[in-house]
1. Considering only residues that are surrounded by fewer than 21 Cβ atoms within 10 Å (Cβ to Cβ) and of a type in the set (Phe, Trp, Tyr), which ones fall in region 432-445?
2. If you check Leu149, Leu158, Leu193, which single one turns out to be out of contact with any strand residue (DSSP E or B) (no Cβ under 8 Å at 6 or more places or on another chain) and not in a helix (DSSP H, G or I)?
3. Of everything in region 58-79, what is modelled with pLDDT under 90 and more than 16 Å from the chain's Cα centre (by Cα)? Give them in sequence order.
4. Would you be able to tell me the number of residues in region 132-152 that are within 20 Å of Val63 (Cβ to Cβ) and touching a residue at least 60 places away in the same chain (Cβ under 8 Å)?
5. With the checklist (1) closer than 21 Å to Thr290 by Cβ; (2) hydrophobic (A, V, I, L, M, F, W, C); (3) surrounded by 22 or more Cβ atoms within 10 Å (Cβ to Cβ) in hand, flag the one item Phe410 doesn't pass.
6. Residues in region 257-276 that are in a helix (DSSP H, G or I), surrounded by fewer than 21 Cβ atoms within 10 Å (Cβ to Cβ) and of a type in the set (S, T, N, Q): how many?
7. If you take the residues in region 278-317 that are of a type in the set (Gly, Ala, Ser), part of a loop (DSSP other than H, G, I, E, B) and touching a Phe, Trp or Tyr at 6+ places or on another chain (Cβ under 9 Å), which one is surrounded by the most Cβ atoms within 10 Å (Cβ to Cβ)?
8. Considering each residue of region 470-501, count those that are under 30 Å from Met47 (Cβ atoms) and modelled with pLDDT of 60 or more, and give that number.
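The values are calculated or read from the model by the stated rules, or taken from the named source; none is laboratory data. Note that this is a predicted model, so its numbers are computed, not measured. Note that each Cβ is placed from the backbone with ideal geometry, even for glycine, and that neighbours are counted across all protein chains shown.
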Amino acid sequence: MGSLEAQAQDTKPLTGDAKQPPSSPETSKATTRPFSILLQPLQWLQMLSHKLNPSFVAGVVLVYGLSQGFSGSLFRVVTDYYWKDVQKVQPSEVQLFIGLYYIPWVMKPMWGLLTDVFPVRGYHRRPYFVVAGVVGTGAALVVALGGRLGVAAAVVCLVGVTAGVAIADVTIDACVARNSIEVRELAPDMQSLCGFCSSVGALVGFSTSGFFVHHLGPQGALGVLAIPPAALIVLGFVIYEPKTNNNIDKKQAGEKLGGAMKGMYRTIQFPQVWKPSLYMYLSLALSISTHEGQFYWYTDPKAGPAFSQEFVGMIYAIGAMASIVGVLIYHKTLKDLPFRNLIFFAQLLYGLTGMLDLIFISRWNLILGIPDSFFVIVEECVSRIVSRIRWMPMIVLSTRLCPLGIEGTFFALLMCIDSFGSLSSKWGGGVVLHLFHVTRNDFKNLWLVVLIRNILRIATLGLIFLIPNANPSEVLVPADLLGKTISTGVDDDDNLQLVPSNEKDEV
């Protein structure tokens, strides 16, 4: 696709006085450059739609932007206030409950197997978008309209909301993983699109979260979470997917399932696969989460700065904008760097920037004359940019480890490992908060918990040798493995065809 600047140079004006002297090159460049910059995102989306498929791009926008971005950010703020103000539980207990939210994400390989080997009426992807929407919508409405629920019932409903997001995520991720294999040069672009949509959705969700909590209350605001999964139901009926004619019986389904399991087992045995997978788990698990302890401290009127509901939402919204900056930095300057070098320096920055939390909790910012509101916004922006730059190459690396034929299942397995790392981080943080007696009203040891977290982040650098010293465009999984996996019985025709047919003849 040619740039608009090149087209403009080849096109003569259709109107105007012929005797009028031509504008200088400097004036022409100054006029066209702003428009060219503004049109670059549209040109980029047009390029992706042309080389992949418009329905794929639309699905990424809906799942990552609305379901994960908007719903995930709103869920984060609203549930924090729900546990604190409605259920009135301790921060260490909330950390354990939040860990349960990751169970549907840990089950992603199961969702991946379902989408890969069990079509519904000839469709592999569309029915699972519908299932995700029904589960998420029902769970959100029950917790919002069900009155004063018990803690156990509330946890089940909130896990149901995350289950809807997880099922939709694994379905679209299968499409992303397949396209990353078939159109290898666009793998970083696809992850940039996912990250950008997620960040924009998060920006909207965080910006409106304080408003919803303030005017609807924490429990009423949970009803808004029914909107994104309802949109997934619509997506399931409109997204393009060619219907397969294979009507498989139970025996064939079992053979396909066994073939997919064997392919996963064979793939995970390769050092090129299990080493980076182990690093991704440990880098998440060792960075214990202190979020709930910090949230309770943020909103405490005595020990903390007593931030309002609207300001908490604004903090996260600005952080979402910073996350978009992180995506742009990665896409423009870092996406072609070797995995090991990029992840090493990103992890180092991740540990160092965590010290900003320590400065804030110790109130050293006030000694330096920096107001709480300004410091927390700067800290949020820096941490979100670094977190996004750290996360993007690991996701790209995950897509490069997936063998063709079971790409949905295996990418789900890798994301399951990451989700288990996040679960370990939440539960580990909850245990540490409990051991150091950080409660709803006692925060004197919170600084020590944050310090331990930062030390563990930096210690993770000792495991960087597990990451391959390869570029994103290099083949990481042996070619013979790809061929063997394809022959295990997971047919190409059973998978969603998302790229133009003239580019898929050799697959």
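1. Phe436
2. Testing whether each residue is out of contact with any strand residue (DSSP E or B) (no Cβ under 8 Å at 6 or more places or on another chain) and not in a helix (DSSP H, G or I) leaves just Leu149.
3. Hit for region 58-79 is Ala58, nothing else.
4. Looking only at that region, the number is 7.
5. Phe410 satisfies all of (1) closer than 21 Å to Thr290 by Cβ; (2) hydrophobic (A, V, I, L, M, F, W, C); (3) surrounded by 22 or more Cβ atoms within 10 Å (Cβ to Cβ) except (1).
6. 1
7. Ser287
8. Number satisfying all stated conditions: 8.
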